[in-house]
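The values are calculated or read from the model by the stated rules, or taken from the named source; none is laboratory data. Please read these numbers as outputs of a predicted model, since none were measured by experiment. Methodologically, a virtual Cβ is constructed for each residue, glycine included, from the backbone with ideal geometry; neighbour enumeration extends over all protein chains shown. Side chains included, ligands, DNA and RNA excluded: accessible areas come from the protein's heavy atoms. Shrake-Rupley method; radii C 1.70, N 1.55, O 1.52, S 1.80 Å.
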Amino acid sequence: MDQSSITPNTSNQQLVINGDNDSATALLHEKQSRRRDDLSDVTFKEYMTVGILCFVNLINYMDRFTLAGVLDDVKKEFGIGDDKAGLLQTVFVIAYMVFAPIFGYLGDRYSRRLIMAFGVALWSITTFAGSYIQSYYSFAIFRGMVGIGEASYSTIAPTIISDLFVGNVRSKMLAFFYFAIPVGSGFGYIVGSVVGGAANNWRWGLRVTPFLGAVAVALILWAMENPERGQAEESRMKPTSYTEDLRSLVRNPSFMLSTLAFTCVAFVTGALAWWGPQFIFLGLTLQPGVNITQERVSLIFGALTMTSGIVGVPLGAWLGAALVKRWGRAHAVICGVGLLVSTPAMALAMLFTEAYFYAPFALMFFGEVALNLNWALVADMSLYVVIPPRRSTAEAFQILISHMFGDAGSPYLVGVISESLKRSSSSIEPPSQLVQFRSLQYALFVTCFVEVIGGIFFLLTAIYIVKDKLKVDRAIAVASKIV
C-alpha cells in the first residue's frame, strides 16, 4: 500500500498526545533553525508575488471606498436618505461574507491562482458595469456582486504569504500586504472625489479600478508564484473534512477571541469609513466663516486615512517583531492597547468637529494610527495558531464572523439611528443641518463603545496565544516526522 496516500492525523491535540514529544521537539528546533529570518534571503520572485498581492489589495480597497468619497452625490442622484445610503455598503459586505466560506473551502483544496484571478475579474467587470446603472436597487445588486468577487481574493491571498514565509519575515510581508488596506481606502476617497469632480459625474470615479483590475488578473495568472500549502514550514499535512476544520477552529480559543476582537475592529472601521467624510463635512460647515466642499473633505479624509496607514501598520509590525521574541503575548496585547488608546481620540474628534477645524483631523489621525496597529498582527496571529491546510478556511471563517457582526451592519445601523434621531428631533422636512450633524454624531458614538469591547477581547486572546501557537508548531513537526 502506498504510504504517501495516507492522510496523516491533523488533530493538533491528538498529534501532541500521540507523538514522541522529545523527537517532535527536536524536529521543531531543527525546522526553526532553517527558517529565513532576514529579508536578504527572500528571492526576487517571492518579492514580486508579495508585490502583486499588495497591488491587488490596494485596488481592492480603492474600489470599496470610492463610493464613500462621493456619497453625498450618490444620495442626491438616487434621492435616498442615510439609511439607504448605508445599505449600499451593507449589501456589498453581506455578499462578501456569505461567499467567503465557499472560497475558503475551495482555496484549501484547489488552485488558488485560478480562484483569485476569477474573483478579481468578477469584481472589476461588475464595478464597471454597475457604474452605468440608473436604478438604486439594481445598483445595490451590482455592489453585492462586487463583494462576491472580492471575497475570493481576500480569503486566499494571506495564505499564499503564509506558505512562502515563516517567523519574522512572514510578519514583515503581512505588514506590507495589510499596509495596502488604509492606503487603498485613502486612495478610494481621493479617486472618487477627484475623478468624479473633474468629470462632474460621480460615476467616473468607479471606472478607474476596473482597468487596474485587468492588469492584476494578468499578473496573477502569469507572474505570481503559487506555493504548495505549508511549503515554508515544510508541512506535509493534508486537508481534513470541512466539518473537522470548523470544529477545530471553534475549539481554538486564540483564534475565536481574536476573531471576535477583529469583528469589533470591522464594525468601527466600516462605520467610520462610510460616514466619516459626510460627518466631518456637516460639522465643519456649521462653523462660521468655513467654506468647504464635500469633495475637499473627502480628499483630506483620504489623505489622512492613507497617512495613518503608512504610520500605523508598519509601527504595529515593528512593535510586534521587536517584542514577540521576548514576550510571546505581545501581538495580542499591542492590538488591545491600540484599540483602547484609539477610543478617546475618536470620541474627542467627534465632539470637536463643530467647533474646531484642525483638531478633529489631528485627533482622528492619532486614533486611526492606533487602530491601524492591529492589521498585520491580527492576520499573523490567525495564521500561526492554525495548521497550514486549514488556513484558507480560517481566513474565510474570520471574514464571515467579522463582517456578519461587524461592517455588514454598522454603516446601515448608523444610518438607521441617524434617520430615527432626525425624525424625533425635527418636524421640518428636510431637517436643518445642525439636526443632521447631531443625529449622525450621536449615531457614530456607538463605535466608541464597540472599540472598547474589541480591546478587551484582544487582551483575553493574550492569555491563550502562546499555548495555541506551540500546539500548531508541534503538530507540524510531528506530522512531518510521520510522513
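Given the criteria closer than 28 Å to Leu373 by Cα and of a type in the set (Phe, Trp, Tyr), does Phe176 qualify? The answer is yes for Phe176. Taking into account only those residues within region 69-90 that are among the basic types (Lys, Arg) and surrounded by 16 or more Cβ atoms within 10 Å (Cβ to Cβ), which is farthest from Gly144 (Cα to Cα)? Within region 69-90, the match that is farthest from Gly144 (Cα to Cα) is Lys75. Closer than 27 Å to Asn372 by Cα, buried (at least 17 other Cβ atoms within 10 Å of the Cβ) and touching a helix residue (DSSP H, G or I) at 6+ places or on another chain (Cβ under 6 Å): does that describe Leu421? It is false that Leu421 is closer than 27 Å to Asn372 by Cα, buried (at least 17 other Cβ atoms within 10 Å of the Cβ) and touching a helix residue (DSSP H, G or I) at 6+ places or on another chain (Cβ under 6 Å).
Every residue, every condition in (1) modelled with pLDDT under 85; (2) closer than 23 Å to Val91 by Cα, yes or no:
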| position | (1), (2) |
| --- | --- |
| Val378 | no, no |
| Ser382 | no, no |
| Pro389 | yes, no |
| Ser402 | no, yes |
| Ser410 | no, yes |
| Val414 | no, yes |
| Ser432 | yes, no |
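Restricting attention to region 280-323 and to residues that are open to solvent by less than 50 Å² (accessible area, probe 1.4 Å) and free of Cβ contacts under 8 Å to residues at least 40 places away in the same chain, the residue that is nearest to Gln433 (Cα to Cα) turns out to be Ile292.
If you go through region 329-344 one residue at a time, do you hit one that is closer than 23 Å to Tyr442 by Cα, touching a Phe, Trp or Tyr at 6+ places or on another chain (Cβ under 9 Å), of a type in the set (Val, Ile, Thr) and in contact (Cβ under 8 Å) with a residue 40 or more places away in the chain? Yes, region 329-344 contains at least one residue that is closer than 23 Å to Tyr442 by Cα, touching a Phe, Trp or Tyr at 6+ places or on another chain (Cβ under 9 Å), of a type in the set (Val, Ile, Thr) and in contact (Cβ under 8 Å) with a residue 40 or more places away in the chain. Considering (1) assigned to a helix (DSSP H, G or I); (2) in contact with a helix residue (DSSP H, G or I) (Cβ under 9 Å, 6 or more places away or on another chain), the lone condition that Thr243 does not fulfil carries the number (2). The set of residues in region 49-103 being within 30 Å of Lys422 (Cβ to Cβ), assigned to a helix (DSSP H, G or I) and among the aliphatic types (A, V, I, L, M) consists of Leu67, Ala68, Leu71, Val74, Ala85, Leu87, Leu88, Val91, Val93, Ile94, Ala95, Met97.
Quick one: which of Leu377, Leu400, Leu371, Leu363 is assigned to a helix (DSSP H, G or I), touching a helix residue (DSSP H, G or I) at 6+ places or on another chain (Cβ under 8 Å) and free of Cβ contacts under 8 Å to residues at least 24 places away in the same chain?
On the way: Leu377 fails: free of Cβ contacts under 8 Å to residues at least 24 places away in the same chain; Leu400 fails: free of Cβ contacts under 8 Å to residues at least 24 places away in the same chain; Leu371 fails: free of Cβ contacts under 8 Å to residues at least 24 places away in the same chain.
The match here is Leu363.
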